[in-house]
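To start, the structure under review is shown below, and the notes come after it.
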Amino acid sequence: MKAKLLNTVATLLMLALVLVALPLSLPRIFGYQVYHVLTSSMVPALPVGGAIYVAPCQPQELQTGDIVTFTLGVDHLVETHRVIQNDLAAKQLVTKGDANSQPDVDPVEYQCIVGKVVFCLPHMGAIAQWIQSRAGMLTCACVFALSALLWALADKCKERENCK
């Protein structure tokens, strides 16, 4: 009985780790970029702390209303705003944050487009940021080690139960 409880707890701990890691890693296999929403410029569509999933796209196919992520050209910074105009001739997008009163000052060149936002998971960006911190990595390592220890203890308990 003790072995079964230890196995169950270890499995639940490991499952929790996997369930947190999957939404952050699996989409990357399919070509999506995952970003953390840091500012309120796109509230309510993209809540602060959310994780956005960005798929590559052809800039000329973007429509008014699409939400896009683009590079700012400084230290790999990106921004995510809504397209309000796609100027095919100039190969530029005019963008605006939903919470902003005015369009962005500078148009976005096509070559700066990272992709189109396809969905957002609220709070997942904040969780990802925490996991990537020293405390988060240490916690994940400890949960993993605890799971392994519990499985080992479960095996020992099972051996003792079989010897009786």
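The values are calculated or read from the model by the stated rules, or taken from the named source; none is laboratory data. Computed from a predicted model, the values in this text were never measured in an experiment. So basically every Cβ, Gly included, is an ideal-geometry build from the backbone, and we count neighbours across all protein chains shown. Quick note on the areas: whole protein, heavy atoms, side chains included, nothing else; ligands and nucleic acids left out. Shrake-Rupley method; radii C 1.70, N 1.55, O 1.52, S 1.80 Å.
Here are the numbers for this structure:
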{"read-out": "Gain on full stretching of the segment that runs from V143 to H123 - 0.36 nm per residue minus C-alpha separation", "value": "5.1 nm"}
{"read-out": "Whole-percent carbon and sulfur share, accessible surface of the chain, 1.4 Å", "value": "64 percent"}
{"read-out": "Label-to-label distance, nm, for residues given as L5 and T71 (7 Å Cα→Cβ offset)", "value": "5.6 nm"}
{"read-out": "Within-9-Å neighbourhood charge of V94 [Cβ basis; K, R +1; D, E -1]", "value": "-1"}
{"read-out": "Fully extended contour minus Cα-Cα distance, from T64 to D87, at 0.36 nm per residue", "value": "7.2 nm"}
{"read-out": "Mean Kyte hydropathy of 1.0 or more with a Cα span along the axis of at least 20 Å, helices from DSSP in the chain", "value": "2-29"}
{"read-out": "For the chain, accessible area per residue (1.4 Å probe, heavy atoms of protein chains only), Å²", "value": "64 Å²"}
{"read-out": "Backbone N under 11 Å from the L153 label point (7 Å along Cα→Cβ), restricted to the range 1-34", "value": "3, 5-7, 9-10"}
{"read-out": "Structure-derived Cα extents along the principal axes in Å - corresponding label in (1) 36, 32, 29; (2) 67, 30, 29; (3) 82, 27, 26", "value": "(3)"}
{"read-out": "Residue-span extension gain [D106 to N162] - 0.36 nm each, minus C-alpha spacing", "value": "12.9 nm"}
